[in-house]
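Notes for the one structure printed next.
Values in this text are rule-based calculations from the coordinates and carry no lab data. Being a predicted model, the structure only gives us computed values, none of them experimental. Here the Cβ positions follow ideal geometry from the backbone for every residue, glycine too, while neighbour counts run over all protein chains shown.
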Amino acid sequence: MKIGRIIGSVVCEKKIESLSGVTLLLLQPLDDNYKEKGTPVVACDTVQAGTGDLVLYEGGREAALALDNWFNPSDASVVGIIDSLEDV
Amino acid sequence: MILAQVIGPVVSTMKINQLDGYKLLRVRAVNPDGSFSGPSIVAVDTVQAGKGDTVVVIDEGGSAGVMLEVTGQPIRTVIAGIVDRIDTEERVQ
């Protein structure tokens, strides 16, 4: 799992069937010091994360497995909202 | 599997149910000499590793599933062991 921050949401009226009913969020990957790193990606939400939330997300095959209907093309899915990090 | 160092715990109460009950630790890949060699990632802890421990980490879905004895779970990063010592042949320059 990696750490990122939700910076917005992505609304698609028309999208493929297997992603219908799935909320799409705009996620900014963060580096080890929680600074923005790399370009934002579109991630599927599974925990009702909101803009500004620090989140855990999964990439690759595991991203698809995080959704109820696991047969979907997601390659980034939020899997948890981070409450606290005790190393900062 | 990779060598990594435990940076610290990650607390997440609102998470997918497949992660319920698991302790999450942020780890960062290290070279055998202990210097960091990659970005940090968050792993499921199954061996009660603590902050600062050097650990062996699985970072691949299939193996993680075998370790946790589950299949088709959205988990790929699991701590498999706590390193006590690393013996290497002294490299002859």
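In loop segments of segment A:22-88 as defined by DSSP, the GluC sites (Glu not before Pro) with at most 11 further C-beta atoms inside 10 Å of their C-beta are A:GLU86.
Between amide H atoms placed 1.01 Å from N, distances below 5 Å from B:SER12 occur with A:ASP83, all of them 5 or more places distant or on a separate chain. So what's the gap between the Cα centers of segment A:5-20 and segment B:52-93, to the nearest angstrom? So the two Cα centres are separated by 34 Å.
State the dimensionless ratio Rg/Rh of segment A:2-81 (Rg: radius of gyration of Cα atoms; Rh: Kirkwood radius).
Taking Rg over the Kirkwood Rh, I get 0.95.
Here are some pairs, A:LYS2/A:LYS35; A:LYS37/B:LYS15; A:LYS2/A:LYS37; A:LYS15/A:LYS37; which of them have Cα atoms lying more than 20 Å apart in this structure? Check vs 20 Å cut-off fails for A:LYS37/B:LYS15; A:LYS15/A:LYS37. Relative contact order for chain B: 28 percent, from Cα pairs under 8 Å spaced at least 6 residues apart, divided by residue count. Starting from the amide H of A:VAL79, placed 1.01 Å from N in the peptide plane, find each other amide H under 5 Å away whose residue is 5 or more places distant or on another chain. Result for A:VAL79 returns A:LEU56, A:TYR57, A:GLU58. More than 16 angstrom separation, counting every C-alpha pair in chain B; what % is that? Summing the P(r) of chain B above 16 Å gives 54 percent of all pairs. Shape class for segment B:26-65: oblate, because the ratio a/c of the largest to smallest gyration tensor axis (alpha-carbon atoms, square roots of eigenvalues) is 1.5 or more and b/c is at least a/b.
For the protein assembly as shown, the ratio of Cα radius of gyration to the globular rule of thumb 2.2 N^0.38 Å stands at 1.07. Mean separation of Cα pairs under 8 Å and 6 or more residues apart, divided by the residue count, gives chain A a relative contact order of 29 percent. For segment B:1-68, applying the loop criterion from DSSP together with a ceiling of 13 other beta carbons within 10 Å to the trypsin sites (Lys or Arg not before Pro) yields B:LYS51.
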